[in-house]
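Okay, structure first, notes after.
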Amino acid sequence: MAVTLTEAARTEIARIIQAQGLDEQTALRISIEGGGCSGLQYRLTLDGQFDPAVDVRYSGPDVAVVTRKKFALHLDGTTIDFQDGPLGRGFAIENPNYPRWGGCPGCGGH
């Protein structure tokens, strides 16, 4: 499984970790909290806990990404970016495995 953090995302996450005085081993945890007609809902948190029995850890430059093993297949190829522009600031997640609009054939989302 590969989750890619853009340079902007890595920089922002590292800034937050430093600003909050968190341990250097703190990782970005990504979770999936839904799906269906509105697409997958992602949750990003900073987490210092890692349980190899249930988690997968992907080390990258500056920041590691952690997720539950059950989410790993769904997140393969995902890119996390941080955007700061006139429309606002925040993280953007691009998952090539699932369209942003969902994909429920019953709703016409194909």
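Values quoted throughout were computed directly from the atomic coordinates according to the rules given, and no laboratory measurement underlies them. Note that the structure is predicted; figures quoted are calculated from it, not measured. Ideal geometry is used to build each Cβ from the backbone, glycine not excepted, and the neighbour counts take in all protein chains shown.
Remark on the stretch 3-102: ratio of C-alpha radius of gyration to 2.2 N^0.38 Å is 1.07.
Rounded to the nearest 0.05, what FRET efficiency is calculated for Gln83 and Leu22 with R0 set to 22 Å and r the Cβ-Cβ distance? Approximately 0.45, to the nearest 0.05.
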